[in-house]
Amino acid sequence: MSKHKLLKPLLGLTAAAVLLPLYAVAPGHASRRQKKIFRGVNYAHRGLHTRDKSVPENSLAAFRQAAQEGYGIELDVQLSKDGEVVVFHDDTLDRVCGVHARVDELTWPELQQLRLCGTDEQIPLFSEVLKNIQGCEALIVELKNGPRNRELCEKTLALLESYHGNVCIESFNPLIVAWFRFHAPDLIRGQLATTVSNYADDGIRGIQAFVLHHTLLNFLARPQFIAYRVGPRPPLVHLCTWLGALNVGWTSHEPRNEQGRDAVIFEFYRPRRRYL
């Protein structure tokens, strides 16, 4: 085979090697207005909760405090057994409520009987939280992955339609983010990602962890921001932000993590409300 005939397929392979990663990780487009609203905001992780748990995470008290102090707010939503959208982070109730059960195994009346971190605070409904934080700087809603993701997406969006404030959504599950791309294209959306070792801690390993770590499913959701764990980021995540995605860091424990980031999700200190 001549050198000329060899060159053509090699050039094709080289082009594919360059273009496929670009296509896979390319973000969606955020408008100038959307960027202005969300850039430079410090978001209180699960509300402005305290290290000693006297103000527990994802509690009405934590959200009210964050709103009063002018911070953005990040929170987590999932479904109860009877289909209520509740604000709670873990899949199980063990760590925060001392009950060995999954959140989606209990009905809303049963969840109401529980208390957060030994305080008088209860697990709130998402609708309750929205009423209590009207006028907060901005809101990031993380949708937790579960067995009824479509129902969670539909109900979360329905509740957000009556909320008068700046809001965006994010998830570790690219299919959840993609649902919002097609059903609420005007709502800014973000892809959460972390290191391979962190995925392994959650039972996600091998090729699945590799793909999620590198945000290689962005072509499904075209997120406008990447919320990546504070620390080193892989080259393809850097490429995604170079292509225009907002760079969000979680979870920060010191103000220096504002450097080089468009927004920060923080806990256990009091940063500036805005830094850009």
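The values are calculated or read from the model by the stated rules, or taken from the named source; none is laboratory data. Note that the structure is predicted; figures quoted are calculated from it, not measured. Every residue, glycine among them, receives a Cβ derived from its backbone with ideal geometry; neighbour counts consider all protein chains shown. What goes into the accessible areas is simple: the full protein's heavy atoms, side chains included, and nothing from ligands, DNA or RNA. Shrake-Rupley method; radii C 1.70, N 1.55, O 1.52, S 1.80 Å.
Would you call Glu258 open to solvent by 10 Å² or more (accessible area, probe 1.4 Å) and either of a type in the set (Ser, Thr, Tyr) or over 17 Å from the mean Cα position of the chain (by Cα) (or both)?
Taking the combined requirement at face value, the residue satisfies it.
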Notebook entry, point to check: How about region 149-164: which of its residues are touching a helix residue (DSSP H, G or I) at 6+ places or on another chain (Cβ under 6 Å) and more than 14 Å from Ile133 (Cα to Cα)?
Noted result: Asn149, Cys153
Next item on the list: Could you list all residues from region 111-145 that are open to solvent by less than 30 Å² (accessible area, probe 1.4 Å) and not hydrophobic (A, V, I, L, M, F, W, C)?
Entry: Thr119, Pro124, Glu142, Lys144
Checklist line | Residue that is least open to solvent (accessible area, probe 1.4 Å), among those in region 160-200 that are closer than 21 Å to Ala30 by Cβ, assigned to a loop (DSSP other than H, G, I, E, B) and among the small types (Gly, Ala, Ser) | finding: Ala184
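Take the residues in region 244-261 that are out of contact with any Pro (no Cβ under 6 Å at 6 or more places or on another chain) and part of a loop (DSSP other than H, G, I, E, B), then tell me which one is nearest to Leu75 (Cα to Cα). Walk me through it before giving the result.
The initial filter retains those residues of region 244-261 that are out of contact with any Pro (no Cβ under 6 Å at 6 or more places or on another chain), namely 246-254, 256-261.
Subsequent filtering for residues that are part of a loop (DSSP other than H, G, I, E, B) retains 253-254, 259-261.
Working: His253: 17, Glu254: 20, Gln259: 23, Gly260: 23, Arg261: 20 Å.
This residue is His253.
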Check: Looking at Glu121, Glu110, which one is acidic (Asp, Glu), at pLDDT 95 or above and more than 23 Å from Ser54 (Cβ to Cβ)?
Finding: Glu110
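Which residues, taken from region 184-238, are on the phi > 0 side of the Ramachandran plot and of a type outside the set (Ser, Thr, Tyr)? Lay out the reasoning, then the answer.
Just the residues of region 184-238 that are on the phi > 0 side of the Ramachandran plot, to begin with: 203, 206, 215, 222, 231.
Selection gives Gly203, Gly206, Arg222, Gly231.
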Checklist line | helices (runs of 4 or more DSSP H) contained in region 44-155 and holding at least 3 residues out of contact with any Phe, Trp or Tyr (no Cβ under 8 Å at 6 or more places or on another chain) and under 25 Å from Leu187 (Cβ atoms) | finding: 60-68, 126-132
Margin query: So for region 82-102 (the condition being within 15 Å of the chain's Cα centre (by Cα) and of a type in the set (A, V, I, L, M, F, W, C)), does at least one residue qualify?
Written below: yes
Notebook entry, point to check: Just one of Leu246, Leu217, Leu276 is modelled with pLDDT under 95 and in contact with a helix residue (DSSP H, G or I) (Cβ under 9 Å, 6 or more places away or on another chain); which is it?
Noted result: Leu276
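Within region 201-210, identify whether any single residue is in contact (Cβ under 8 Å) with a residue 60 or more places away in the chain, assigned to a helix (DSSP H, G or I), closer than 29 Å to Leu79 by Cβ and open to solvent by 30 Å² or more (accessible area, probe 1.4 Å), and answer yes or no. It would help to see each step written out before you state the result.
The first filter runs over region 201-210 and keeps only residues in contact (Cβ under 8 Å) with a residue 60 or more places away in the chain, leaving none.
The answer is no, given that none of the residues of region 201-210 is in contact (Cβ under 8 Å) with a residue 60 or more places away in the chain, assigned to a helix (DSSP H, G or I), closer than 29 Å to Leu79 by Cβ and open to solvent by 30 Å² or more (accessible area, probe 1.4 Å).
How about region 68-80: which of its residues are surrounded by 17 or more Cβ atoms within 10 Å (Cβ to Cβ) and either in contact with a helix residue (DSSP H, G or I) (Cβ under 7 Å, 6 or more places away or on another chain) or free of Cβ contacts under 8 Å to residues at least 12 places away in the same chain (or both)? Give the steps one after another, and end with the answer.
Residues of region 68-80 that are surrounded by 17 or more Cβ atoms within 10 Å (Cβ to Cβ), as a first pass: 71-80.
Within region 68-80, Ile73, Leu75, Val77, Gln78, Leu79, Ser80 meet the criteria.
Residues that are part of a helix (DSSP H, G or I) and surrounded by fewer than 21 Cβ atoms within 10 Å (Cβ to Cβ): does region 262-273 have at least one?
To start, the set of residues in region 262-273 that are part of a helix (DSSP H, G or I) comprises none.
For region 262-273, residues part of a helix (DSSP H, G or I) and surrounded by fewer than 21 Cβ atoms within 10 Å (Cβ to Cβ): absent.
Any chance you could count how many residues in region 112-131 are hydrophobic (A, V, I, L, M, F, W, C) and closer than 15 Å to Glu84 by Cα? Quick ask: steps written out before the conclusion?
First pass over region 112-131, keeping only residues hydrophobic (A, V, I, L, M, F, W, C): 114, 116-117, 123, 125-126, 129-130.
From what's left, closer than 15 Å to Glu84 by Cα: 123, 125-126, 129-130.
Selection size over region 112-131: 5.
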Notebook entry, point to check: Can you tell me which of Val99, Val103 is of a type outside the set (Phe, Trp, Tyr), farther than 25 Å from Asp262 by Cβ and buried (at least 20 other Cβ atoms within 10 Å of the Cβ)?
Noted result: Val103
